[in-house]
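Scroll down for the structure; my scribbles are underneath it.
FYI, it's all coordinate maths here, none of it is from the lab. Everything quoted here is computed from the prediction, not taken from an experiment. Glycine gets a Cβ as well: all are built from the backbone with ideal geometry, and neighbour counts include every protein chain shown.
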Amino acid sequence: MKKHLLELTAAILLAIISTIGFSVQGNTGQQKKPDADSLKIYITKAQNLAMLGKKAEASGIFTNLMLNYPDNKESVQDWLIINMKKTPTGEVEAIKQLEDLQKLYPKNTGILFYKFFMEAKYKKNEEALIDCELLIKLQPDTAINYVCKGQVLAAMKNFKDASKAFDKATKLNPDRFDVWVMKAGALEKAGKLNDAIASINKAIEMKPEYPANYYNRACFYCLKGDKAKTMADLKKAIDINPTFKQTARKDEDFTILYGDVDFKKLVE
């Protein structure tokens, strides 16, 4: 069950940079600082140059944007994509390359954001946590930074502080159902089942068609010893997605029901 609760929200970003390895270039762009309305124009121009094989010129534009727009992640992402090398050690080397970029642009939150995910992917949790704190210092009112912190704290088995980080994220942005799910997972691990149920309830309100939410709540109710609510939620999850039958049969959260006739009938 836990696999549904603490997965990375921005895992797709890791997929984008999954084969990174690149050389750091300085700010070679000569253009003047663009105004906000021109940001997209410059990004599109650089993307087009990259497609034409003019990587150095494109990189210059992106590094100029990193300096002038320190909170823009797209320029960092595109810079990474056009400078990546496909090598066996490319991803690990990418962390060092991002560190070098960070020295050039110390206030660029996009660099910190990507560096965090690379560190988290390779379980460099202490380094990742430091980057989360730097992100929070630079952007104290940005919810995703607290999600990042919660994720790395959960990976470090510090579920009490992880739940606090997710709580801050939901206060800053209560509209992400997946963050409520992560918060629920951390609360359950911290032994706060009632709070975990309250959090997963919010996710269910937002995504009533999502079967994993009912499945997770069924697990919480089972851990509390509430068979009736466990069976009701598990049935909802199975009705939407029958594959949860097989998942439930092997889930240790349902251990106390393994010999129960009703449970066996439901998951057979």
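Any chance you could run the full-extension gain for residue 44 through residue 99? It's 0.36 nm times the residue separation minus the Cα-Cα distance, nm to one decimal.
17.2 nm
Can you list residues whose amide H is under 5 Å from residue 72's amide H, if they're 5+ apart or on another chain and H is modeled 1.01 Å from N?
Result for residue 72 returns 110.
Of all trypsin sites (Lys or Arg not before Pro) in segment 153-255, which ones are in loop regions per DSSP and have a Cβ with at most 10 other Cβ atoms within 10 Å?
157
So if each residue of separation counts as 0.36 nm, and I subtract the Cα-Cα distance between residue 268 and residue 240, what length gain in nm does that give?
8.5 nm
Report the GluC sites (Glu not before Pro) located in segment 34-141 that are in a DSSP loop and have at most 15 other Cβ atoms inside 10 Å of their Cβ, or state none.
Working: sites: 57, 74, 91, 93, 99, 119, 126, 127, 133; in loops: none.
Within segment 34-141, no GluC sites (Glu not before Pro) qualify (loop, at most 15 other Cβ atoms within 10 Å).
Starting from the Cα-Cα distance between residue 206 and residue 138, subtract it from 0.36 nm times their residue separation and give me the gain in nm to one decimal.
Extra length available between residue 206 and residue 138 comes to 21.5 nm.
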